[in-house]
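The values are calculated or read from the model by the stated rules, or taken from the named source; none is laboratory data. On a predicted model such as this, the values are computed, not experimentally measured, just so you know. Cβ placement follows ideal geometry from the backbone for every residue including glycine, while neighbour counts extend to all protein chains displayed. SASA here: full protein model, heavy atoms, side chains in, ligands and nucleic acids out. Shrake-Rupley method; radii C 1.70, N 1.55, O 1.52, S 1.80 Å.
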Amino acid sequence: MKPIYFLSSMLFTMLLMIACTDTNTSQKEPKKTVQLQEDEQKYRPNFHFTPQKNWMNDPNGMFYWNGNYHLYFQHHPFGNVWGPMHWGHAVSKDLVHWEERPIALYPDALGTIFSGSAVVDHNNTSGLGKGDVPPIIAIYTSHDMEAERSGAPYYETQSLAYSQDEGETWEKYAGNPVIKNPAEKDFRDPKVFWMETQQAWRLTLAAGQETRFYGSKDLIHWEPLSEFGKTIGNHNGVWECPDLFQLPIQGTETFKWVHLVSVNPGGPNGGSATQYFVGDFDGETFTVDPEFEKAMAADHRFWLDFGRDNYASVSFSNFKIPSGQQVVLGWMSNWDYATVVPTTTWRSAMTLPRALELVPFDKTYRLQSQPYFPKGNFSKAVVSKNDLKAQGKAQLVSSSEYALDHTALSVVFKNTPRFTTHFQLSNSLGDALNFGFDPQENQFYIDRTASGKVDFSTKFASHRSYAPRLETDAALEFKLFLDKTSLEIFYDQGATVMSEIFFLNAPFDQLSVEATEGIEIKALEVFGID
Ligand code: FRU
């Protein structure tokens with residue numbers, strides 16, 4: 001199903017004609033109309049969340065309640081670049097179709113509303129509930145822009161807002177801030193969770209080059225507990241948007257704690273990215289496993305996503321898949337160029353939601369991510385081919401019937417190719433996006449240098465992105481999710497993930513493969529997503 005704001009091409013042509021013939025309007029107006037329609041036609045994703053209008057960055061306050069997934073987001077409702085932050089709000093029953101709701105949180109005397117989280121306070125520990133409905137408690141960063149402008153050394157505190165109607169409307173807590181600034185310039189992005197063993201709330205936030213932990217019985221009074229991370233991990237940028245949760249180790253009944261920490265810049269391919277740490281949390285302190293620390297020090301391959309466009313990923317509160325997997329989603333852009341991408345009506349989309357678990361790896365553990373569609377949303381296979389042999393360049397999918405822009409594609413090889421294998425997505429207007437696998441280097445790559453509009457930022461397509469292959473025993477396979485302006489590739493059941501955005505002149509309608517040596521594909525399937 002297309003979003004309701006998707007305009008038919010006839011309407012588009014009519015608007016274009018009006019724009020070209022209306023002599024009463026100034027030169028600027030018609031252009032704006034055309035631009036707006038171009039945005040919708042060419043770039044508005046089919047199955048990823050975008051705000052109807054204006055700027056968006058990090059996902060915030062995600063929780064699940066009464067059959068609804070709630071997503072709040074960093075939002076500037078009056079401009080298409082970053083500005084005074086509000087929390088926008090959207091609700092979904094399937095994590096694919098989202099309904100945008102009124103703005104949830106507006107700036108106030110303490111500042112603009114930076115990133116944070118929300119929890120369902122089932123037992124009304126905060127005392128902020130009314131009747132039988134548990135309150136939803138949001139804790140976010142108040143960023144005092146006036147203080148920042150006037151040169152104050154620090155200007156971020158943590159504040160609380162509560163909702164007595166399941167997240168639709170919000171009141172700010174009268175005693176804000178609930179956590180004062182302990183003299184840190186960067187002190188933000190609180191993520192709250194309930195800790196069953198302690199019968200208490202815990203919170204992690206980013207403070208300069210480390211994360212901090214706090215504890216509370218009532219979500220209002222917080223005590224500092226510990227800090228983590230000064231001497232481990234990537235520190236090539238500022239630490240932001242941490243999360244902490246338990247994940248199951250695949251195929252066992254055992255769990256480990258995983259700490260997500262976004263860093264900007266410092267990502268493996270430049271700009272923003274999210275790293276993770278595996279260890280234990282005893283209710284006070286997060287301790288990384290010694291083997292994990294060794295593996296990370298030897299080679300930091302512990303990134304949630306190696307593509308350039310997945311930042312600030314955090315988990316949904318009050319929600320777990322029965323096996324214990326947590327579901328996260330991230331902002332599908334990069335601070336290197338987010339404010340200049342060629343959409344004007346809105347800016348940025350969220351990634352697909354992903355279910356996370358742990359898998360044994362290099363004497364420790366690594367993350368495994370799978371796209372998570374709770375309601376399916378797939379059509380029957382529109383293409384299904386088995387036992388394909390290809391030598392040189394071969395076309396795999398050619399689609400004149402449907403555009404490859406609401407598409408899931410699955411490719412399973414007979415084995416792992418011994419020579420470099422390049423895939424190419426393309427269209428008749430000459431746009432192309434290459435991705436593939438180089439067994440000599442044991443790495444995957446994405447190359448978007450020819451993917452339509454790329455000249456809006458020198459940082460956008462200046463180089464290929466690379467990702468290590470972490471799973472080496474199995475035959476190569478991948479799943480690819482293709483929307484109008486993004487692809488998300490999950491290699492080896494999600495051992496290595498790459499998510500990147502692009503801006504085409506028309507949707508892709510061809511997929512080809514080129515390999516130095518003959519390759520054998522056991523199965524190739526293409527599904528529609530709606
Ligand atoms: C991450 C971030 C957060 C901050 C928010 C401001 O992208 O910088 O640290 O809370 O964006 O919009």
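Overview of values
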quantity: Cβ-defined net charge surrounding Phe281, 11 Å radius [Lys, Arg +1; Asp, Glu -1]; calculated: -1
quantity: Cα-centred dipole magnitude for the chain, charges only on beta-carbon of K, R (+1) and D, E (-1), debye, nearest 20; calculated: 820
quantity: Enclosed volume per residue, in Å³, of the convex hull spanned by Cα atoms of the chain; calculated: 159
quantity: Computed lengthening from Tyr154 to Phe378, 0.36 nm per intervening residue step minus Cα-Cα distance; calculated: 75.8 nm
quantity: Helix-derived mean residue ellipticity, 222 nm - over the chain, DSSP H n ≥ 4, -39500 (n - 2.57), to 500; calculated: -2000 deg cm²/dmol
quantity: In range of the label at Lys414: residues from region 494-530 whose backbone nitrogen is under 18 Å from the point 7 Å along Cα→Cβ; calculated: 513-525
quantity: Residue among Phe460, Trp87, Leu329 farthest towards the positive dipole end of the chain, charges placed on Cβ; calculated: Phe460
quantity: Extension reserve of the Phe78-Ala147 stretch, reckoned as 0.36 nm per residue once the Cα distance is removed; calculated: 22.6 nm
quantity: In Å², nearest 10: area of Leu128 left accessible to a 1.4 Å probe; calculated: 20
quantity: Pairwise FRET efficiency - Lys363 versus Glu196, Cβ, R0 = 22 Å, nearest 0.05; calculated: 0.15
quantity: Region 440-530 pair-distance distribution - Cα-Cα, 5 Å bins, rounded %; calculated: 2, 10, 20, 23, 22, 15, 7, 2, 0
quantity: Extension reserve of the Asp387-Ala298 stretch, reckoned as 0.36 nm per residue once the Cα distance is removed; calculated: 28.1 nm
quantity: Met498 - accessible surface, heavy atoms, 1.4 Å probe, Å² rounded to 10; calculated: 0
quantity: Convex hull volume of region 55-142 per residue (C-alpha atoms, cubic angstrom); calculated: 104
